[in-house]
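Let me begin by presenting the structure, written as structure tokens, before commenting on it.
No lab work stands behind these numbers, since they all come straight from the coordinates. This is a predicted model, so every value here is computed, not measured. Cβ sites come from the backbone with ideal geometry, for glycine too, and all protein chains shown count toward neighbours.
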Amino acid sequence: MRKMLNVLYITNPEAYLAKDGENLVVRVQDEEIFRTPIHYLEGIVTFGYMGASPALLGMCVEKGVTVSFLTAHGKHQATVHGTPKGNVLLRRKQYRLADSESESAKLASMFIIGKIANCRTVLRRFMSDYGDKVQIEEVDRVSKIMARNVLRLGKELLLDEVRGIEGESAQMYFSVFDQLIICHKDHFFMKGRNRRPPLDNMNALLSFLYSLLLHETRSALETVGLDPYVGFLHRDRPGRTGLALDLMEEFRPYLVDRLALSLINRRQVTGDGFLKKESGGVIMKENVRKIVIEAWQKRKREEITHPFLEKKIYVGLLPYAQALLLARHLRGDLDRYPPFVWK
Amino acid sequence: MMMLITYDVNTTTDAGKKRLRRVAKQCINYGQRVQNSVFECLLDPAQFAELKNTLEEIIDKEKDSLRYYYLGSNWKKRIKHVGAKEIFDPEGTMII
């Protein structure tokens, strides 16, 4: 298994990234504030406008370090990576399957099974933790429908049917999500998902974390030699990393939703850390962003026994493990792709 | 694994000063300078072999010395820092 390396997050808008020998150097107004050997890192994520020298980007490409540029709100702008690695035969296989409607539907079902099963576990965990304190009939009802939807996905379906089930499940899930928020109800609520821009604090927090997750799934796919742009559930659209979005589905509830909920329910983030812009969009303040990134990095360093590999791995390596299993399935070494299902 | 690398390079001659600069530069490439001629390098065995090889080609074994300390993967329990110059944790959260 691959070693989990660190990701450097740059939130200071004045930071400039440069190369010195084999080091990454961060400068603010010509003063060096940080230096690290490049081999300590597997990724760099920067927020807001800032510069990076071409020499540094060249070194990152050569060493396989993914550099992602995000806006201050966490919207993805660009990622720098080198020539595609890995096996061209593997990628050809991926394109072929993506061209076939029925094969795409099979894989899409797997991603969505993972997603819905994990959403359901989020709900069930909540019921066992807080069932005696809050009304949970509705949560229980949704959880049961989700269990049925997972079974429905086990059959042969058309791609649009898979999308239908996913849409219905997501809508039901987010309709009870509000009940899972038990602190600061005036500031955090869920009246449905919205994005670009997110219109309330909860959606801003979720969107931000989803963009961190996307960086991870994308790098994971590139590491195993798959093309993150060609998806099965998410169809091709210029500039959209379809497969990275596909692979992300099964992790959304487990890695992001739960983290967002516990940040709020443990009062680590509060309503005054968010700003409502005139346009109606909500952004997070600098200090909250730091708290969220720190919690995210801490989460990635926890250990979990992978249900399919039956091996203890870091949570942060899950996207990589799943990308590997997907590559094995596409190569024909595995009969089906086993989505990550959290028990 | 975490390696602690220290060196003494004889700088009475110009050639010695040059060796010192070259040794320091290699160490910076692989790790973090924690004191003037002391480096903490988080390396895998291949990287360590690479670095070891490079350093030993630079130094003059008659005049200079190198010491490697193996701190292993449980290194955090074995290091305690007191005083000036903050050191970053290569496995910790890095936000700037």
- [ ] Pull out a ≥ b ≥ c, the square roots of the eigenvalues of the alpha-carbon gyration tensor of the range A:36-191, then state rounded if a/c is under 1.5, prolate if not and a/b is larger than b/c, and oblate in the remaining case.
- [x] oblate
Open item on the list: Just to be sure I understand the model, the point goes 7 Å from the Cα along the line to the Cβ. What's the resulting residue B:68 to residue B:33 distance in nm?
Closed with: 2.3 nm
Open item on the list: Whole angstrom only: what separates the Cα centroid of the range A:254-285 from the Cα centroid of the range B:1-40?
Closed with: 46 Å
TODO: Could you tell me which of the pairs A:106/A:298; A:19/B:18; A:133/A:285; A:63/A:298; A:93/A:298 are separated by over 29 angstrom between their Cα atoms in the structure shown?
DONE: A:106/A:298; A:133/A:285; A:93/A:298
Task: Cα shape, the range A:296-342, gyration tensor, a/c 1.5 rule - done: prolate
Task: Net length gained if the chain between residue A:80 and residue A:240 were fully extended (0.36 nm per residue, minus Cα distance) - done: 56.1 nm
Task: Descending principal axes extents, chain A, alpha-carbon based, whole Å - done: 59, 52, 39
- [ ] Would you compute, for the Cα atoms of the range A:7-80, the largest minus smallest coordinate along each principal axis and list the three values in descending order, in whole Å?
- [x] 32, 27, 19
TODO: Under a cut-off of 20 Å between alpha-carbon atoms, report the aspartates and glutamates in cross-link reach of residue A:277, not counting same-chain residues fewer than 8 places apart.
DONE: A:186, A:200, A:286
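Counting only trypsin sites (Lys or Arg not before Pro) that are in a DSSP loop and have at most 12 other C-beta atoms within 10 Å, tell me the longest site-free stretch of chain B.
Values: sites that count: B:61, B:80, B:85.
By the stated rule (loop sites, at most 12 other Cβ atoms within 10 Å), B:1-60.
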- [ ] May I ask you to derive the FRET efficiency for residue A:129 and residue A:31 from their Cβ-Cβ distance with R0 = 60 Å, giving the value to the nearest 0.05?
- [x] 0.80
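State whether chain B is rounded, prolate or oblate according to the following rule on the C-alpha gyration tensor (a ≥ b ≥ c being the square roots of its eigenvalues): a/c under 1.5 gives rounded; otherwise a/b larger than b/c gives prolate, and the remaining case gives oblate. The partial results should precede the final answer.
Values: a/c = 2.11, a/b = 1.63, b/c = 1.29.
Verdict is prolate for chain B.
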Task: Neighbour-count ranking [beta-carbon atoms within 10 angstrom, fewest first] of A:172, A:284 - done: A:172, A:284
Task: Where trypsin sites (Lys or Arg not before Pro) fall in DSSP loop in the range A:126-203, at most 14 other Cβ within 10 Å - done: A:133, A:155, A:185, A:191, A:195
Task: Efficiency of FRET from Cβ geometry, residue B:81 and residue A:286, R₀ 30 Å, rounded to 0.05 - done: 0.60
Open item on the list: Placing +1 on the Cβ of each Lys and Arg and -1 on the Cβ of each Asp and Glu in chain A, which of A:283, A:44, A:319 has its Cα farthest towards the positive end of the resulting dipole?
Closed with: A:319
Task: Low-density loop positions, GluC sites (Glu not before Pro), the range B:43-84 - DSSP coil, at most 14 other Cβ in 10 Å - done: B:62
